[in-house]
Amino acid sequence: MKKTAVFNVFVLFVYLMFPSCGGIDYSAEIAQLDSLSTAVTKMEEAFKAVDTNRLREISIEASNNINRIKEVYTTDTVNMKEARMITTYKSLRKIDGKSRAERGKLWSEIAYSKKQLSTLTEDLKNSRFEKELGKKYFIDEKLATQSLLGSYESYRLNIEWAFQTYDSLHPLVLEVIARQEQVLESKK
């Protein structure tokens, strides 16, 4: 019994004197990786909720209305305020195509990031790296995840802009079309 107690004290002494024997402590990095994983998961859920059908409808409607404007508008009837509004509205025609391309890229980046974060967390928990190499991988992954979150934020703001622009300009564009159609009818 006395030998066991002495042995346990010796093991405890060695463990405290040589912390590297117990593995490298990456607890702070692991906690930050967990936070990044949570942020990516929340971003993924928000990304799934984007109304892609509405984007497609906006794009089609804007394209149809721009074609109608081309039919009823003559160049001498355009005032600057309406021209600017129509130019801004015209940009909505391409929002669906741009969104699809960006969406595909973001989906693959999300999947890759989640895998990388998970793998790095496991590797750090199991102390598979030397201290400096583990820190380097952690910093690299943190920067990559922050870049992904920034890309998503840019995507989200573009979609939000499209919805707001459509909601504010669509009724005005319809008024312009109706007014120009009346002008053309009166000239007949």
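Read-outs throughout are calculated quantities, based only on the coordinates presented, and are distinct from any laboratory measurement. None of these values were measured; they are calculated from a predicted model. Ideal geometry is used to build each Cβ from the backbone, glycine not excepted, and the neighbour counts take in all protein chains shown.
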Label selected from (1) 1.37; (2) 0.94; (3) 1.04, the criterion being Rg/Rh (Cα atoms, Kirkwood Rh) as computed here: (1)
Please give the helix 95-125 orientation as an angle from the longest Cα principal axis of the chain, in degrees from 0 to 90, rounded to the nearest 10. 0
So which lysines can Lys135 reach, going by Cα to Cα under 22 Å and dropping same-chain residues fewer than 8 places off? Lys114, Lys115, Lys125
Nearest 10 degrees, 0 to 90: what angle lies between the long axis of helix 131-187 and the longest principal axis of the chain (Cα atoms)? 10
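Compute the FRET efficiency between Leu172 and Lys42 as 1/(1 + (r/R0)^6), taking r as their Cβ-Cβ distance and R0 = 45 Å, and round to the nearest 0.05.
Values: r = 36 Å, r/R0 = 0.80.
E between Leu172 and Lys42, to the nearest 0.05, is 0.80.
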